[in-house]
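The values are calculated or read from the model by the stated rules, or taken from the named source; none is laboratory data. Only a predicted model underlies this, so the values are computations on that prediction, with no experimental measurement involved. Neighbour counts are summed over all protein chains in view; Cβ atoms, including those assigned to glycine, are modelled from backbone coordinates with ideal geometry.
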Amino acid sequence: MKKIFLLSLLLIANVSYASSDVQKLKAECLGGDNFSCTKLIPKSEAKCSGGDSSSCMLLAALYSQGLGVTQSSQKSRKYIDRACSKGYAFACATLGLVYEHGDGVRQSYQKARTYYEKGCSVGSHDSAKACNFLASLYANGNGVRQSYQKAKKYHGKACDLGNEFGCTGYALLNKAGY
């Protein structure tokens with residue numbers, strides 16, 4: 001499950017490089033060519049340092065899977081955190097999941113909530129995931145005082161962002177009288 005999830009980061013990281021040479025490296029890396037991954041890393045590091053959050057997510061995926069680099073969950077989280085700090089909601093939601101489930105870190109609902117709140121506040125389509133995860137914390141009372149009203153609020157925000165799961169969660173809580 002963890003490897004499938006983290007590999008999905010690699011596929012989701014839509015790195016928008018201008019160079020067709022870099023696009024080719026990315027495609028070869030995704031195809032399993034470790035040498036191409038190794039050549040892709042410095043270019044991605046430069047773009048990540050320059051503020052490109054999708055490059056940060058690509059690096060996170062490479063480190064989580066050990067593609068072209070020594071596998072390092074710590075470095076992977078560092079790059080996900082960097083993308084989150086640049087306002088990439090998907091990265092914030094990912095970090096929230098890492099802390100909620102204790103995936104390679106000490107489990108912390110408080111840190112999960114912080115990352116979910118940050119991701120949810122971005123207001124992009126990707127924010128809906130963070131809003132739904134935050135709603136689940138409140139619905140289940142994980143690290144927060146259980147509040148179906150707050151769960152409904154965050155599902156509603158996810159719904160407003162076009163997320164069907166958020167709409168369903170909102171409707172169910174509304175039907176239950178919250």
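Take segment 106-118 and flag every residue that is in a loop (DSSP other than H, G, I, E, B) and touching a Phe, Trp or Tyr at 6+ places or on another chain (Cβ under 6 Å). It would help to see each step written out before you state the result.
Narrowing segment 106-118 to residues in a loop (DSSP other than H, G, I, E, B): 106-108.
Once the filter is applied, which keeps residues that are in a loop (DSSP other than H, G, I, E, B) and touching a Phe, Trp or Tyr at 6+ places or on another chain (Cβ under 6 Å), segment 106-118 yields only S108.
Can you tell me how many residues within segment 141-152 are closer than 20 Å to K111 by Cα and either more than 21 Å from the chain's Cα centre (by Cα) or surrounded by 24 or more Cβ atoms within 10 Å (Cβ to Cβ) (or both)? Before you say what the answer is, go through the steps one by one.
Quick first cut of segment 141-152, residues closer than 20 Å to K111 by Cα only: 141-147, 150-151.
So of that shortlist, the ones also either more than 21 Å from the chain's Cα centre (by Cα) or surrounded by 24 or more Cβ atoms within 10 Å (Cβ to Cβ) (or both) come out as 141, 144-147, 150-151.
The qualifying residues number 7.
Out of segment 119-169, which residues are farther than 23 Å from G87 by Cα, of a type outside the set (V, I, T) and assigned to a loop (DSSP other than H, G, I, E, B)?
Result: G141, N142, G143, R145, Q146, S147.
Can you find, within segment 115-135, the residue that is modelled with the highest pLDDT among those that are polar (S, T, N, Q) and closer than 12 Å to Y88 by Cβ? Explain how you work it out, then say what you get.
As a first pass, look at segment 115-135 and keep what is polar (S, T, N, Q): 121, 124, 127, 132.
Next, only the ones that are closer than 12 Å to Y88 by Cβ stay: 124, 127.
Values: S124: 89, S127: 94.
My answer is S127.
Looking for whichever is closer than 20 Å to L58 by Cα and surrounded by fewer than 21 Cβ atoms within 10 Å (Cβ to Cβ) here; the options are G104, G119, G96, G156. Which one fits? Step through it out loud before you land on a result.
Values: G119 fails: surrounded by fewer than 21 Cβ atoms within 10 Å (Cβ to Cβ); G96 fails: surrounded by fewer than 21 Cβ atoms within 10 Å (Cβ to Cβ); G156 fails: closer than 20 Å to L58 by Cα.
So the residue among G104, G119, G96, G156 that is closer than 20 Å to L58 by Cα and surrounded by fewer than 21 Cβ atoms within 10 Å (Cβ to Cβ) is G104.
Which one is farthest from S36 (Cα to Cα) among residues in segment 52-93 that are among the β-branched types (V, I, T) and at pLDDT below 95? Can you show your working first?
If we filter segment 52-93 for residues that are among the β-branched types (V, I, T), which is where we start, we get 69-70, 80.
When the remaining residues are screened for being at pLDDT below 95, the result is 69-70.
Details: V69: 11, T70: 15 Å.
Checking each candidate, the answer is T70.
If I ask for residues that are surrounded by fewer than 20 Cβ atoms within 10 Å (Cβ to Cβ), under 25 Å from K111 (Cβ atoms) and of a type in the set (S, T, N, Q), which ones from segment 27-83 would you list?
Hits for segment 27-83 are S49, Q65, Q71, S72, S73, Q74.
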